[in-house]
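The values are calculated or read from the model by the stated rules, or taken from the named source; none is laboratory data. Not measured: the values here are computed from a predicted model. Here the Cβ is made from the backbone with ideal geometry for all residues, glycine too, and neighbour counts use every protein chain on show. In case anyone asks, the SASA skips ligands and DNA or RNA and just uses the protein heavy atoms, side chains included. Shrake-Rupley method; radii C 1.70, N 1.55, O 1.52, S 1.80 Å.
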Amino acid sequence: MKQHALWETWKAWQGSCRWVELSREVSLQTPHHSAFPDMEMEVIYNYDRGDGFQAHVYKMPGQYGTHVDAPIHMNEAGATLDAFGAEELFLPLCVVDLSKAVAENPDYGLTVADLEAWEARNGRIPEEAFVAFRSDWYTRATYPEIQNLDAQGVAHYPGWTLEALRFLREERGVLAIGHEPADTDPAAVANTEGWVAERYWLSQNRYQIELMANLDQCPESGGLIFCTFPKVQGGSGSTARCFALVPKE
């Protein structure tokens with residue numbers, strides 16, 4: 001007799017859980033870092049040409065829209081996209097909601113104290129979890145809005161402190177992180193010290209997801225995240241499709 005326990009679990013999930021899309025739609029208008037070129041999309045076969053089918057060529061930077069950064073993106077000796085196994089793409093999801101703090105201070109840096117406060121409410125962060133920083137920054141539709149430049153041309157957006165990422169890696173064994181802005185470090189740090197938090201995280205052979213969306217539709221704890229991206233040999237980054245399975249309220 002075949003065992004169908006996983007199928008039964010899948011059925012149970014359909015009744016007790018809901019799905020949350022965590023990625024931005026990929027299009028020619030998708031926001032991306034200004035250092036990278038725009039996406040190009042070409043039809044190479046089509047019905048109106050008598051081809052009998054449709055096919056496209058997509059040309060875009062790896063770091064386009066919601067995307068994964070492999071460790072080699074900021075670490076010459078780091079792992080590439082093809083180094084991550086399927087088991088590293090399906091993880092417990094912890095959402096640290098600091099949207100109110102960010103609304104008051106767009107340069108907010110997530111701290112160890114914020115993580116400890118999350119644990120006081122939800123219990124210890126699981127080992128090999130995915131920890132996401134909810135800032136509600138995803139509601140900004142364009143890259144200029146995401147960068148949030150002031151009158152002097154200085155960017156203002158939230159991010160992780162180096163100390164918080166050290167805590168997640170060295171004391172909690174977290175496998176991946178995610179956030180809604182286009183960078184890991186708060187702009188106030190990136191503007192003066194560079195990408196210190198991002199370089200640290202990727203130096204640990206961990207991956208991260210940037211420009212996430214809809215974290216406000218996820219509970220702080222109890223969800224699962226699926227991080228999907230191509231297994232590109234030697235790849236440093238790729239547009240990613242991420243989604244969560246969370247309990248119904």
*For semi-axes √(5λ) of the Cα gyration tensor in Å, the choices are (1) 33, 24, 18; (2) 28, 26, 18; (3) 23, 21, 17; which was calculated from the structure?*
(2)
*Using heavy-atom solvent-accessible surface (probe 1.4 Å) with all chains present, what is the largest-first order of His67, His4?*
His4, His67
_Can you tally the lysine pairs in the chain where the Cα-Cα distance is under 30 Å and the two residues are eight or more apart, or on different chains?_
5
*Would you please classify the overall shape of the stretch 55-126 from the alpha carbon gyration tensor, given that a ≥ b ≥ c denote the square roots of the eigenvalues, rounded means a/c under 1.5, and beyond that prolate means a/b larger than b/c while oblate covers the rest?*
prolate
_Helix-only [θ]222 nm of the chain, DSSP H runs n ≥ 4, -39500 (n - 2.57) each, per residue, nearest 500_ = -5500 deg cm²/dmol
*Can you give the charge dipole size of the stretch 28-75 about its Cα centre, rounded to the nearest 20 debye, using +1 on the beta carbon of Lys and Arg and -1 on the beta carbon of Asp and Glu?*
80
*Comparing Gly153, Gly123, Gly65, which has the greatest mean-square fluctuation in the GNM of the chain with Cα pairs linked when under 10 Å apart?*
Gly153
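Of all accessible surface on the stretch 81-132 at a 1.4 Å probe, what whole percent is carbon and sulfur?
Its accessible area is 50 percent carbon and sulfur atoms.
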_Dipole moment magnitude, nearest 20 debye, the stretch 1-148 about Cα centre, only Lys, Arg, Asp, Glu C-beta charged_ = 500
_Per-residue SASA entry for Trp13, accessible area with 1.4 Å probe, Å² rounded to 10_ = 70
*Just how much of Ile72 is accessible, in Å², when a 1.4 Å probe is used and the result is rounded to the nearest 10?*
60
*asked:* Once ligands and nucleic acids are excluded and a 1.4 Å probe is used, how much of Lys59 is accessible, expressed in Å² to the nearest 10?
replied: 130
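Just reorder Thr142, Thr80, Thr192 by solvent-accessible area, largest first, 1.4 Å probe, all chains present.
Output order, biggest surface exposure first: Thr192, Thr142, Thr80.
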*asked:* As I understand it, the dipole of the stretch 11-100 uses +1 on the Cβ of Lys and Arg and -1 on the Cβ of Asp and Glu, about the Cα centre. Which of Thr66, Tyr47, Ser34 lies farthest toward its positive end?
replied: Thr66
